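All remarks here apply to the structure that follows.
Readers should treat all values here as calculations from the given coordinates under stated rules, not as data from a laboratory. Predicted model only: the values in this text are computed from it and were never measured. Virtual Cβ from ideal backbone geometry, glycine too; neighbours counted across all protein chains shown.
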Amino acid sequence: MENHKKDLDPSKDLANQESINPKYLKAMKFLARSRETADRSGMGFYGSFVTDDGYHYSITNIDSHIVEQKMIDYLINFKLTEDFDLSDFMNRLRVIQTSEGVKMELTDEQT
């Protein structure tokens, strides 16, 4: 058996059987296989899940600089038209607090 430093976080030590939750390993395997399928198909992929204790696991094949560049391109090319209604936009905007943080979404329905 291997000897580990005393300051090693026991929840991260795979030798500690209690730290291995089969449910999470199955989810990780599913995400890895999904990404492999996306890679073979030449598609972008992002998948994630949150464990019961709040750990967020995610996997992607999308380079973060590409996402940032697409967002910048979108914002540069976004044009307001004369019929743009800011109040309609604000009525459709939802700010949702999740365990991962705050999420904003734009719905098709007004409140």
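Assuming R0 = 41 Å, what is the FRET efficiency of Ile72 and Glu36, from their Cβ-Cβ distance, to the nearest 0.05? Numbers along the way, then the final one.
Values: r = 30 Å, r/R0 = 0.73.
Computed FRET efficiency for Ile72 and Glu36 comes out at 0.85.
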Amide H contacts under 5 Å for Asn61, placed H, 5+ residues apart: Phe45
